[in-house]
Amino acid sequence: MTRAIYPGTFDPVTFGHLDIIKRSANLFDELIVGVLNNTSKSPLFSVEERVNMLKETTKDIATIRVESFRGLLVDFVKETDASVVVRGLRAITDFEYELQLAQTNHVLYPIVDTMFLTAKLEYSYLSSTIVREVATFGGDISKFVPEEIAIRMYDKCGITKL
Ligand code: ADP
C-alpha cells in the first residue's frame, strides 16, 4: 500500500491543484492532501476554511483524505506513515525551490521521495496568488477555481457579484 502526501497552502485551491490531486490519486492507494497551517504566511483563508474547501472539491474521490499539519513536512510524512511527497511543477521558476525542498526532505528522512507532476499546460500560469489578486479587484475567476470556491473568494474579499 503506497500512501502519498500532496502538501501545500491551498489559499485557495485552484484548478491547477485539483488537476494534480486527481492525477496523483490515480497513482497511489491513498493520497493525503496536507494543508499547511503556517502562521508566518498570513493566509487569506483560515486553515479550517482551506481544509473544508478541499474536502468539498475532492469529495467524489474515495481514496483522498484532507488534513492540516504544522511544522516540518517530514514529521507529517512520518506521522501518517507515507512514503511519497507529490509536488506540482509549473515552470522553471518552481524548479530551484522544489529541488532544494525535495533534497532537504530526503536528507532529513531518507525513506521519503518526492514525485513531481508537471502542470497541465492550461494551468501552468495559475497560482493561488493570481486568484487572490484578480478576486480582490472583482475580476472573473471562473477559469481558475470551481464555482463554490469563487463564491467564497468574493465573499471573503467583500465583493458582490450579480
Ligand atoms: P506552496 O505555498 O507550498 O507553494 P501551493 O498551495 O501554492 O503551496 O502549491 C502546492 C503545490 O501545488 C506546489 O507543488 C505547487 O507547485 C503546486 N501547484 C500550484 N499551482 C499549480 C498549478 N497551477 N498546476 C500544477 N501545480 C500547481
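Coordinate-derived values only; no laboratory data. Note that the structure is a prediction, hence the values are computed from the model and not measured. Reconstructed Cβ throughout: ideal geometry from the backbone, glycine too, with neighbour counts over all protein chains shown.
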(request) Return one number: the angle in degrees, 0 to 90 and rounded to the nearest 10, between the long axis of the Cα atoms of helix 15-25 and the longest principal axis of the Cα atoms of the chain. (result) 30
(request) Distance between Cα centroids, segment 107-124 to segment 25-60: provide it in whole Å. (result) 17
(request) Could you state the angle between the C-alpha long axis of helix 147-156 and the longest principal axis of the C-alpha atoms of the chain, as a value from 0 to 90 degrees rounded to the nearest 10? (result) 70
(request) Could you tell me the largest-minus-smallest coordinate of the C-alpha atoms of the chain on each of the three principal axes, in descending order and whole angstroms? (result) 51, 32, 31
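Just rank 57, 2, fewest to most, by other beta-carbon atoms within 10 angstrom. Mind showing how you got there, number by number?
Numbers: 57 23, 2 11.
Ordered by Cβ neighbours within 10 Å, fewest first: 2, 57.
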(message) Using each residue's phi in segment 40-55, evaluate 6.51 cos²θ - 1.76 cosθ + 1.60 at θ = phi - 60° and report the 3J(HN,Hα) Karplus result to the nearest Hz, with x for Gly and Pro.
(response) 5, 7, 5, x, 5, 9, 5, 5, 5, 5, 5, 4, 4, 5, 5, 4
(message) Please list the three semi-axes, largest first and in whole Å, of the ellipsoid equivalent to segment 61-128, using sqrt of 5 times the eigenvalues of its alpha carbon gyration tensor.
(response) 22, 17, 11
(message) Suppose R0 equals 35 Å. What FRET efficiency, 1/(1 + (r/R0)^6) with r the Cβ-Cβ distance, do residue 100 and residue 121 give to the nearest 0.05?
(response) 0.90
(request) Could you check the simple spin-label distance between residue 133 and residue 2, using points 7 Å along Cα→Cβ, in nm with one decimal? (result) 3.6
(request) Output the relative contact order of the chain, whole-number percent, from Cα pairs under 8 angstrom with separation of 6+ residues. (result) 28
(request) Run the quick spin-label model on residue 65 and residue 38: label points 7 Å from Cα toward the beta carbon, then report their separation in nm to one decimal. (result) 2.3
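Do any of 78/156; 22/55; 41/161; 41/156; 22/156; 120/156 go past 25 Å between their Cα atoms, and which?
On the way: 78/156 35 Å; 22/55 13 Å; 41/161 28 Å; 41/156 17 Å; 22/156 27 Å; 120/156 28 Å.
Pairs exceeding 25 Å: 78/156; 41/161; 22/156; 120/156.
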(message) For 1, 53, which order do you get if you count the other beta carbons within 10 Å of each Cβ and list the fewest first?
(response) 1, 53
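Do any trypsin sites (Lys or Arg not before Pro) in segment 29-112 lie in a loop, going by DSSP, with at most 14 other beta-carbon atoms within 10 Å of their beta carbon, and if so which? Write down the numbers at each step before the final one.
Working: sites: 41, 50, 55, 59, 65, 70, 78, 87, 90; in loops: 59, 70, 90.
Here the trypsin sites (Lys or Arg not before Pro) that fit, given the DSSP loop and packing criteria, are 59, 70.
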(message) Between residue 75 and residue 155, what is 0.36 nm times their sequence separation minus the Cα-Cα distance? Round to one decimal in nm.
(response) 25.3 nm
